[in-house]
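Got a structure here, written out as structure tokens. Questions coming.
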Amino acid sequence: MALKVIGAGFGRTGTLSMKAALERLGYVKCHHMMEVFPSPDQVRMWDEIGQGKDPGWDTVFEGFEASVDFPSSSYWRELADYYPEAKVILTTRSFESWYKSASETIYPSSAKIPGWMKALVPKVKTITRMVDNTVWGRVFHGRFEDYEYARKVFEEHEAAVKATIPSERLLVFEPKQGWEPLCAFLGKDVPDEPFPRVNDTAEFKKRIAQMKRLEAVPFVLGAAVLAAVLILLLLFQSP
């Protein structure tokens with residue numbers, strides 16, 4: 001199955017709303033990072049891609065008619081070349097609002113995973129490597145926390161998409177524009193319902209809070225072990 005729509009916008013530019021909108025318009029289903037994490041095969045394939053291997057785009061997107069969000073948007077140029085008939089949508093928003101959102105959600109939830117989990121849990125180690133190699137390292141060169149550097153990457157990315165993709169093949173889109181420009185671009189009827197507004201910020205913040213609690217696990221376990229040792233020493237002291 002060939003991709004019919006390729007999302008070139010970074011995560012946190014309304015990509016989850018776009019996924020819902022495209023699926024509502026009949027592009028079933030739409031690839032998104034949320035499809036990657038639960039799937040061992042997807043994690044493995046994107047991990048291989050991030051390491052320079054080639055599992056084959058048709059295999060990666062088997063069962064998908066569209067793609068949005070990271071990690072696929074990191075490879076928008078390769079995908080646009082491989083699927084020349086696919087239309088390209090660049091979801092966007094102001095850099096300032098995007099950076100604030102990304103800094104509070106996708107960046108800490110993936111880049112701030114406790115070190116002990118990456119060392120001891122193989123799946124976590126693989127996912128962390130995959131995300132770094134396909135997003136934070138590949139796109140932002142390990143400098144996402146540098147505000148001005150991230151701005152440069154964001155603006156150069158959008159400029160490259162606009163300069164590379166022919167205008168008749170490209171839609172620059174903000175979800176607040178609603179159904180009309182999207183449906184006109186894709187040749188679809190406008191649904192008689194509001195455009196999807198999916199906001200998962202609260203879920204991200206919940207996940208981040210859980211990881212912060214997990215950071216303390218080694219210290220808690222260490223304290224417990226030390227306490228157990230002290231108790232044993234007291235119990236077995238000679239009278």
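The values are calculated or read from the model by the stated rules, or taken from the named source; none is laboratory data. Quantities reported herein were computed from a predicted structural model and do not represent experimental measurements. So basically every Cβ, Gly included, is an ideal-geometry build from the backbone, and we count neighbours across all protein chains shown.
Consider only pairs whose beta carbons are under 6 Å apart and that are at least six residues apart or on different chains; among these, list those whose first residue lies in the range 158-171 and is touching a residue at least 40 places away in the same chain (Cβ under 8 Å) and whose second residue is part of a helix (DSSP H, G or I) and surrounded by 13 or more Cβ atoms within 10 Å (Cβ to Cβ).
Here the result reads 171/185, each pair linking the range 158-171 to a residue that is part of a helix (DSSP H, G or I) and surrounded by 13 or more Cβ atoms within 10 Å (Cβ to Cβ).
Please go through the range 120-147 and pick out each residue that is over 14 Å from the mean Cα position of the chain (by Cα) and touching a residue at least 60 places away in the same chain (Cβ under 8 Å).
Within the range 120-147, 123, 126 meet the criteria.
What pairs come up if the first residue lies in the range 79-97 and is on the phi < 0 side of the Ramachandran plot, the second is aromatic (Phe, Trp, Tyr), and their beta carbons are under 6 Å apart, counting only those six or more places apart or on different chains?
Correct list of pairs: 82/57; 89/173; 91/173; 95/154.
Further question: Could you tell me which residue of the range 1-47 is farthest from residue 62 (Cα to Cα), considering only residues that are among the small types (Gly, Ala, Ser) and in contact with a strand residue (DSSP E or B) (Cβ under 7 Å, 6 or more places away or on another chain)? Working first, answer last.
Narrowing the range 1-47 to residues among the small types (Gly, Ala, Ser): 2, 7-9, 11, 14, 17, 20-21, 26, 39.
If we keep only those that are in contact with a strand residue (DSSP E or B) (Cβ under 7 Å, 6 or more places away or on another chain) as well, we get 7-9, 14.
On the way: 7: 16, 8: 19, 9: 21, 14: 24 Å.
By that ranking, first place goes to 14.
Another one. For the subset of the range 1-57 comprising residues that are assigned to a loop (DSSP other than H, G, I, E, B) and polar (S, T, N, Q), which member is farthest from residue 84 (Cα to Cα)? Steps first, please.
First, the residues of the range 1-57 that are assigned to a loop (DSSP other than H, G, I, E, B): 1-4, 8-14, 25-29, 32, 37-39, 51-56.
With polar (S, T, N, Q) added as a condition, the list becomes 13, 39, 51.
Details: 13: 24, 39: 27, 51: 25 Å.
Step by step, filter the range 1-57, then rank; the result is 39.
Starting from residues that are under 23 Å from the mean Cα position of the chain (by Cα), at pLDDT below 95 and hydrophobic (A, V, I, L, M, F, W, C), keep the ones in the range 172-220 and report whichever is surrounded by the most Cβ atoms within 10 Å (Cβ to Cβ).
204
Conditions tested, residue by residue: (1) over 17 Å from the mean Cα position of the chain (by Cα); (2) β-branched (Val, Ile, Thr).
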residue	(1), (2)
9	no, no
15	no, yes
26	yes, no
29	no, no
48	no, no
54	yes, no
79	no, no
96	yes, no
99	no, no
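Related question: Out of 69, 54, 81, which single residue is surrounded by fewer than 22 Cβ atoms within 10 Å (Cβ to Cβ) and either of a type in the set (Phe, Trp, Tyr) or modelled with pLDDT of 95 or more (or both)? Let's see the steps before the verdict.
Details: 69 fails: surrounded by fewer than 22 Cβ atoms within 10 Å (Cβ to Cβ); 54 fails: either of a type in the set (Phe, Trp, Tyr) or modelled with pLDDT of 95 or more (or both).
None of the others qualify; the one that does is 81.
Within the range 4-45, track down each residue that is β-branched (Val, Ile, Thr) and either surrounded by fewer than 17 Cβ atoms within 10 Å (Cβ to Cβ) or without any contact (Cβ under 8 Å) to a residue 24 or more places away in the chain (or both). Working first, answer last.
Residues of the range 4-45 that are β-branched (Val, Ile, Thr), as a first pass: 5-6, 13, 15, 28, 36, 43.
Once the filter is applied, which keeps residues that are β-branched (Val, Ile, Thr) and either surrounded by fewer than 17 Cβ atoms within 10 Å (Cβ to Cβ) or without any contact (Cβ under 8 Å) to a residue 24 or more places away in the chain (or both), the range 4-45 yields only 28.
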